[in-house]
Amino acid sequence: MLRNVRRNGATRVAVLAVALAVVVAMTLAPINAAAAEWKGTVSEEGGKRIIMNPATGIMESSSVKLDELWRLGGDSDDEDEFFGVISDVQIDDEGNVYLLDSQLSEVKIYTNEGEFIRSIGREGEGPGEFRRPGAMFFTKAGDVAVVQLMPGKIVILSKEGDPVGDMPLPKPDDGGFQILQGARAGAGNTVLFMARQEFDQAAGKWQRRGFLASVTEEGELLTEYTSKTNVINMAAAVMDDKAWDTFERRWSIDKDGKVYACTSYDDYMVEIWNPDGTLDKVIKREFTDRSRSAEEKDFVNRMFSHFAKMIPDCKVKVAENCKDIEGMFIRDDGSIWVLNANGARDLKEGTLGVFDVYNPEGQFVRNVTLSGDGDPLDDLYLFVKDRVYVVTDFLQAAMSAQGVQGLYDEDDEADPMAVIAYKLDSNVLAAR
């Protein structure tokens, strides 16, 4: 019932992650820009190559019905399908599926067909143990690297669950507190979403700096791609949801090790860096900000008010508009899938979302509607290789795990979390 209430109503916010996105692999036929009459422009602004796209794509919009392969959890009584909060999904070279449970502090491993194999890892502080992990990736040796949020550390396990050790991390210059909010690896490039925070007692200011950085498995910081700093003046504390919006669930890495991020709240923009930290290009599209409904603003206000209680006399400021980009996913073929504010709202039942699809050159090709059981603003979407994974009721589970109460009506209890695996044929888009 809750999923229907949210879809038909306007109580919508972007998924806040404990740790989150990330993506499928479908094949999109190469687009010849001249033949297809792409009407965008390429320019240089401040040393940046800007790919500016019109509001409509090169090709007509299409719809794709996703084929459901399997579904785990939910109302199942099987203890191998009991989940706390699934925050990440990865697939190894053999096709096995790894589900990271941040609440139960373990990784459940299934076959490509959804059959349970084993669980690895457990809660604790000893070898091979961790607490509240938020992400995972495979090391160059093929081991499983589990990322603990706070205090930040990376625990490495073999695929059988044997402790391998901890991956060293770059140390803050001031020795301050360090948080790990995400990690991805591709083509030998390991990228961490890190945050460092400090309190300047003399100035009465609290500061948090989040940044994307490439690191070696020996803990050396190679390059920093982008960062965002938030400051709270304790004398007149304000928690502004637009200013505090982060891109921790809106970045990814492709098979060549390039890094993608949507760092702006109300500027439709995808920035792309080469592995060495040089900016490759910036993709933009004509887009009009979408206003928030009264119900949405009320929901966000109640959510941020929970965190504001931790700061004396802190006020909450809620943005009038939604963020332009809710999610961004990269496929192995280099195509870029963007879920904008409109494509994530006012959806028909049975629709996962309407995505803006770009070719590797950054040209807007078409809108693609994906059909299946999912809600982009309540569920967590993870696109990995040739699949789309939907983690149901992620937002409510994540908020509950962080102690946030009173966001939902008492009679709108979330169903038990489920993980749905969808398959999308590799050439289905090219055939349309």
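None of SER62, SER76 is surrounded by 13 or more Cβ atoms within 10 Å (Cβ to Cβ), of a type in the set (Ser, Thr, Tyr) and farther than 30 Å from GLU286 by Cα except SER76. Summed over segment 73-82, the residues that are assigned to a loop (DSSP other than H, G, I, E, B) and either within 15 Å of TYR389 (Cα to Cα) or in contact with a helix residue (DSSP H, G or I) (Cβ under 8 Å, 6 or more places away or on another chain) (or both) give a count of 1. Restricting attention to segment 166-195, the residues being over 18 Å from ILE91 (Cβ atoms) and buried (at least 19 other Cβ atoms within 10 Å of the Cβ) number 9. Looking at segment 325-341, which of the residues that are small (Gly, Ala, Ser) and part of a loop (DSSP other than H, G, I, E, B) is modelled with the lowest pLDDT? The selected residue is GLY334. Residues that are buried (at least 19 other Cβ atoms within 10 Å of the Cβ) and closer than 22 Å to TRP244 by Cα: does segment 366-376 have at least one? Checking segment 366-376: at least one residue is buried (at least 19 other Cβ atoms within 10 Å of the Cβ) and closer than 22 Å to TRP244 by Cα.
The set of residues from segment 256-280 being crowded, with 19+ Cβ neighbours inside 10 Å and assigned to a strand (DSSP E or B) comprises VAL259, TYR260, ALA261, VAL270, GLU271, ILE272, TRP273.
Report whether or not ARG285 is closer than 21 Å to ALA195 by Cα and crowded, with 21+ Cβ neighbours inside 10 Å. Considered against the rule, which asks whether it is closer than 21 Å to ALA195 by Cα and crowded, with 21+ Cβ neighbours inside 10 Å, ARG285 comes out as no. Scanning segment 236-245 turns up no residue that is closer than 17 Å to PHE137 by Cβ, out of contact with any helix residue (DSSP H, G or I) (no Cβ under 9 Å at 6 or more places or on another chain) and either at pLDDT below 95 or not in a strand (DSSP E or B) (or both). When segment 107-119 is examined, which residues are found to be under 27 Å from GLY257 (Cα atoms) and in a strand (DSSP E or B)? Hits for segment 107-119 are VAL107, LYS108, ILE109, TYR110. For segment 281-302, the set of residues classified as part of a strand (DSSP E or B) and hydrophobic (A, V, I, L, M, F, W, C) consists of VAL282, ILE283, listed by residue number. Taking the criterion of being over 14 Å from ILE325 (Cα atoms) and within 20 Å of the chain's Cα centre (by Cα), the only residue of segment 283-301 that qualifies is VAL300.
Consider segment 120-165 and keep the residues that are of a type in the set (Lys, Arg) and part of a strand (DSSP E or B). The one that is surrounded by the most Cβ atoms within 10 Å (Cβ to Cβ) is LYS153.
Selection of first residues in segment 281-301 that are over 13 Å from ASP241 (Cα atoms) and of second residues that are in a helix (DSSP H, G or I), restricted to Cβ pairs under 7 Å at least 6 apart or on distinct chains, gives an empty result.
Taking segment 248-263 as the range and being of a type outside the set (Phe, Trp, Tyr) and under 18 Å from LEU382 (Cβ atoms) as the test, the residues that pass are GLU248, ARG249, ARG250, SER252, ILE253, ASP254, LYS255, VAL259, ALA261, CYS262. Within segment 342-364, the only residue that satisfies the criterion of being surrounded by fewer than 23 Cβ atoms within 10 Å (Cβ to Cβ), aliphatic (A, V, I, L, M) and either over 18 Å from the mean Cα position of the chain (by Cα) or assigned to a loop (DSSP other than H, G, I, E, B) (or both) is LEU347.
The values are calculated or read from the model by the stated rules, or taken from the named source; none is laboratory data. What you see is a predicted model, and the numbers here were worked out from it, not measured in a lab. Quick reminder, even Gly has a Cβ in these numbers, built from the backbone with ideal geometry, and neighbours come from all protein chains shown.
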